[in-house]
1. When the range 1-19 is examined, which residues are found to be touching a strand residue (DSSP E or B) at 6+ places or on another chain (Cβ under 7 Å), under 18 Å from PRO101 (Cα atoms) and within 13 Å of the ligand (Cβ to nearest atom)?
2. Hey, can you tell me all the residues within the range 20-47 that are within 16 Å of the ligand (Cβ to nearest atom), open to solvent by less than 50 Å² (accessible area, probe 1.4 Å) and part of a loop (DSSP other than H, G, I, E, B)?
3. Any residue at all in the range 130-137 that is hydroxyl-bearing (Ser, Thr, Tyr), open to solvent by less than 40 Å² (accessible area, probe 1.4 Å) and in a loop (DSSP other than H, G, I, E, B)?
4. Would you confirm whether or not the range 59-78 contains a residue that is within 12 Å of the ligand (Cβ to nearest atom) and not in a loop (DSSP other than H, G, I, E, B)?
5. Pairs please, first residue from the range 12-35 and at negative phi, second anywhere and open to solvent by less than 30 Å² (accessible area, probe 1.4 Å) and in a helix (DSSP H, G or I), Cβ atoms under 7 Å, 6+ apart in sequence or on different chains.
6. If you check every pair at least six apart or on different chains, which have Cβ atoms under 7 Å apart with a residue in the range 75-87 that is at pLDDT below 95 first and a residue that is of a type in the set (Lys, Arg) second?
7. Exactly one of these conditions fails for ILE91: (1) under 25 Å from GLN161 (Cβ atoms); (2) touching a helix residue (DSSP H, G or I) at 6+ places or on another chain (Cβ under 7 Å). Give me its number.
8. Are there any pairs with C-beta distances below 7 angstrom linking a residue in the range 122-141 that is on the phi < 0 side of the Ramachandran plot and among the aromatic types (Phe, Trp, Tyr) to a residue that is part of a helix (DSSP H, G or I) and open to solvent by less than 60 Å² (accessible area, probe 1.4 Å), with the two at least 6 apart or on different chains, and if so which?
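The values are calculated or read from the model by the stated rules, or taken from the named source; none is laboratory data. Note that the structure is predicted; figures quoted are calculated from it, not measured. Cβ placement follows ideal geometry from the backbone for every residue including glycine, while neighbour counts extend to all protein chains displayed. These area figures cover heavy atoms from the full protein model, side chains too; ligands, DNA and RNA do not enter into them. Shrake-Rupley method; radii C 1.70, N 1.55, O 1.52, S 1.80 Å.
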Amino acid sequence: MKIICIGRNYAAHIEELKNEIPDEPVVFMKPDTSLLKDGDSFYIPDYSNDVHHEIEIVVKINKNGKCIQEKFAHKYYDEITVGVDFTARDIQSKLKEKGLPWLKAKGFDGAAPIGKFINKEQVRDLNETEFKLTVNGELRQQGNTSLMLHNIDKLISYVSQIMTLKTGDLIFTGTPAGVAAVKAGDVLEGSLENYSLLKFNVL
Ligand code: MG
């Protein structure tokens, strides 16, 4: 199982990190040991003092596919949820400065919590889906898929030109604005439309 992540897919988040809008989707990966499920607690890695939450829509691939045309991409997933692309921002900033890969900033254990999946048919319009993250009950991030630079179908098509997508692979589709640090004791809750799908503690 692969965890594929898209970076810089919402203009307002690109702006808040002072990044440039990329011509093509930015793709990176996390190892399967990053996956955190069933409300398990997240442990902040010792080597970072600035781990940020990034709430994202997560898509689960339902069959193998390579070089998928955008018009057929919708056949390659049935289920979606929300997840958090945890990012050690202090580490990432140093790596970015040197043009080095982001693994240490993005690939630690538990860096990819995901919620309960729902069928995509339960969502009114996948190109206009609201999702949000609260921390200790306060709204921190709110997004809408209509603001994606590249929508879900485009992302599936794009990624499948690079690597074969396999059943069970997950795609994190990018975060809206509002990223910030988490601290021990925080309770994070992610929802999509009216579905509360993700809840866990930070330790
Ligand atoms: Mg992200």
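1. ILE3, ILE4, CYS5, ILE6, GLY7, ARG8
2. PRO22, PRO25, PRO31
3. Among the residues of the range 130-137, not one is hydroxyl-bearing (Ser, Thr, Tyr), open to solvent by less than 40 Å² (accessible area, probe 1.4 Å) and in a loop (DSSP other than H, G, I, E, B), which makes the answer no.
4. no
5. ILE21/ILE14; PRO25/LEU155; VAL27/VAL159; PHE28/LYS106; LYS30/LYS106
6. Filtered contacts from the range 75-87: no entries.
7. (1)
8. Going by the 7 Å Cβ cut-off, there are no qualifying pairs.
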